[in-house]
Amino acid sequence: MRTVPSDDPQATALVAAMVDEVSELYGRIDVPEAPSATPEDFSAARGGAFLVVFEDGAAVAGGGLKRLDDDASACEIKRMFVVPAARGRGHASRLLQGLEDEARRLGYRVARLDTGEHQPQAQAMYERAGYARIGNFNANPFASFWGEKAL
C-alpha cells in the first residue's frame, strides 16, 4: 500500500470504478448535492491523501481522506473501493487502517465516514473498526450510516 497523488491514473481509475458501482445502487453519486470527493479534496495541498493497495503490481483497492474543518482536527474517509476480483482477501480492512494511519500522520484527531443502506458489509466493517454512529455530518443524501472514530 502506498500514497499516490490524488490525480494519479491508478487513483482516478479506482475512484471511477467505485462511483460506477455505487451509482448502480443509489443513482449517480457524483452530483452537486453529494459531499465533495474530488482529486483536489484528496490532494496533499488541501490536507488530503489517497492510498492505493497493490497486489502483484496491480492496483486493487484505494481510498482517500480529506480535511473536514478549518482547524484540521477532523478528516473524512471517502471513496474506499476494492476491485471485485480482489474482494474477500482483507484489502478493505487494511486500506481503512492505512487511511487512519495516514490521517494520524497528517495530524488529524478524528476520522469520519459514511455509507448507504445497500452496503451493510461496509457499515459492519466500519463498526468492527471502532466507528461509532453519529449524526449526519456531511448532508450526504445517499448515506444511512455516519460514523466517527477518535484517532
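A short reminder: the numbers here are calculations on the coordinates, not readings from a lab. Note that the structure is predicted; figures quoted are calculated from it, not measured. Cβ atoms come from the backbone with ideal geometry, glycine included; neighbour counts cover every protein chain shown.
Excluding PRO141 itself, calculate the net charge of residues whose Cβ lies under 14 Å from the Cβ of PRO141, where each Lys or Arg counts +1 and each Asp or Glu counts -1.
Counting the neighbours of PRO141, the net charge comes to -3.
From the phi of every residue in segment 64-72, what ³J(HN,Hα) in whole Hz does the Karplus formula 6.51 cos²θ - 1.76 cosθ + 1.60 yield, where θ is phi - 60° and glycine or proline is x?
x, 9, 9, 5, 9, 9, 5, 8, 6
Please report, for the Cα atoms of the chain, the Rg to one decimal and the Dmax as a whole number; what are they, in angstrom?
Considering the chain through its Cα atoms, Rg and Dmax are 14.0, 40 Å.
What helices does the chain hold that run 18 Å or longer along their axis, going by alpha-carbon atoms, with a Kyte-Doolittle average of -0.5 or more, using DSSP H for the helix calls?
Qualifying helices, which must be both long enough and hydrophobic enough, are 9-26.
Which one, PRO32, PRO84, PRO120, has the greatest fluctuation when you compute a Gaussian network model over the chain with C-alpha springs under 10 angstrom?
Evaluated over the chain, the most mobile residue of the options is PRO32.
How high is the relative contact order of segment 2-112? Use alpha-carbon pairs under 8 Å, at least six apart in sequence, and give a whole percent.
24 percent
Quick query: amide H of LEU151 versus all other amide H atoms, modeled in the peptide plane; which residues come in under 5 Å with a sequence gap of 5 or more or a different chain?
Under 5 Å from the amide H of LEU151: VAL110, ALA111.
Using only helices, what value at 222 nm comes out for the chain when you add -39,500 (n - 2.57) per DSSP H run of length 4 or more and divide by the total residues, to the nearest 500 deg cm²/dmol?
The per-residue figure over the chain is -9000 deg cm²/dmol.
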